[in-house]
Structures are given as structure tokens and as C-alpha cells.
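The structure under discussion appears below in the form of C-alpha cells.
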Amino acid sequence: MEKSIHSSIGAPFSFGIINYHNIVVSESPQMLKGRLQLFQESLFFDLQDKPPSSFPGVAEWRTLFKDHGKDPNRYRHSTEALLKRIQKQNYLTSINSAIDLNNFFSLQYETPIGIYDSSKIEGSIELRLGSENEMFEGLNGRTNSAHNLVVAADQNGPFGSPFVDSVKTSVSEKTTEALQIVYFRPSLSEENKEKFLSSLKEMFIQVNGGSATTRIIS
């Protein structure tokens, strides 16, 4: 499955790619549920003194959205949306072992991360800006405009973005092959990008089994 960045975005964007094989997605182990809950409770207290937009990773992605023609107050990237929920004590409930871990790392690193069922992706993958008339059905329950939004797209159009992911490539307990995309914030050093990917991959395999390969594209 080829992956590339279109010239419509270019610098300063870079993306972490993890391909998982022979994984077993299931109910999250208590260890993961507990860590996610405790971390949310800690963030809740932090959010009493400062808004989500003051978190460095959130602020960077808000700037990127604005620079590319998306109103960051209307199109909040996924990590900011999670923090908004936690600020209201509307804590994330456990979904499954892949999505829970995805949310945990997204909150910990203040970085949007997408997890996709590879069997539902058709053809090569391109990271690009969405075009004017492109739409996709999102996990937020809405039909979303991809116009000027950074998206991951296959031959059928967008299936993921740092704003919201598509229903069509969602991960379930039937998923055995998965693609994870880390939408890196520009200020992260190359060394820290590698560490981020390594930590994410190792914990994912610890929880879901299987094997994985990683790559950074920019």
C-alpha cells in the first residue's frame, strides 16, 4: 500500500505511519482502561486553570488549520475535541483496545492520531488537502466537508483527517490489519518523532498482539 504526500500541503507537515498485521482487537484490558481514566481525571484538573487551546500541541494544530483556510473554532482537531469533553467531565468511555490506546496517546502527546482498518482502504494512500466538493461521513455523525482540510485519502476519497475520521475505515473487533497515522505537530524534533512512534507501536502490540512496521514521511 503506497503512501505519499501531495504538493498541496508539503512543509511543515510530516506524518508517522504504522502498519499493523495479525492484531486482535478486543475489549480493553483493565490496565489500559485504568490509565485512560486516571489521565483524563488529571487533565480535568489542569483544564480548570487553562483552556485546551493553551496546550502547545493544540495551539500548533489550530494555527495549521487557520493557515490552510479552516476556522479552528469550528473545525477543532481531534485532540482538542477530546480535551473539550474532558473539561466538561464528559470522560471518554472504553470502546475497544485499539481506539482506547489511540485516544490515550493522542491526549498524552497532544497530537491527532488516526487508526484505520486496512482492509477497508482501497489503492494507494495520499496525504493532501481536500478539494472543494469532497465530503465524507465522519465518526462525529455528520457529513463533513474536506475542503482545505488535511486528509488521508485512498482511491475513493478521504478516509481520515486530524479533524475527524471516516466511518468507512473505522476499526472494530473484526479488524486484523490496521493503519495508524500520526499527524505530527511541526515543532516535534525528528528524534522525538521516532520515540513517539516506537512507544506507540510497542504499547499497541503489547495490548493487541501482532507485528508492525513504522515509517515517517514528510
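Summary of values
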read-out: Subset of segment 107-123 (residues that are in contact with a Pro (Cβ under 7 Å, 6 or more places away or on another chain) and crowded, with 23+ Cβ neighbours inside 10 Å); value: 112
read-out: Some residue of segment 202-214 being under 19 Å from residue 3 (Cα atoms), touching a strand residue (DSSP E or B) at 6+ places or on another chain (Cβ under 9 Å) and open to solvent by less than 50 Å² (accessible area, probe 1.4 Å); value: yes
read-out: Residue match in segment 124-133 (condition: in contact with a His (Cβ under 9 Å, 6 or more places away or on another chain) and open to solvent by 70 Å² or more (accessible area, probe 1.4 Å)); value: yes
read-out: Every residue from segment 159-180 that is open to solvent by less than 10 Å² (accessible area, probe 1.4 Å) and more than 14 Å from the chain's Cα centre (by Cα); value: 175
read-out: Set 62, 35: member being of a type outside the set (A, V, I, L, M, F, W, C), in contact with a Pro (Cβ under 6 Å, 6 or more places away or on another chain) and within 26 Å of residue 192 (Cβ to Cβ); value: 62
read-out: Helices (runs of 4 or more DSSP H) wholly inside segment 1-102 that include at least 2 residues being hydrophobic (A, V, I, L, M, F, W, C) and open to solvent by 60 Å² or more (accessible area, probe 1.4 Å); value: 30-46
read-out: Residue match in segment 135-154 (condition: surrounded by fewer than 19 Cβ atoms within 10 Å (Cβ to Cβ), within 19 Å of residue 18 (Cβ to Cβ) and of a type in the set (D, E, K, R)); value: no
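The values are calculated or read from the model by the stated rules, or taken from the named source; none is laboratory data. Not measured: the values here are computed from a predicted model. Neighbour counts are summed over all protein chains in view; Cβ atoms, including those assigned to glycine, are modelled from backbone coordinates with ideal geometry. The protein model used for the area step is the full one, side chains on, heavy atoms only, and it has no ligands, DNA or RNA in it. Shrake-Rupley method; radii C 1.70, N 1.55, O 1.52, S 1.80 Å.
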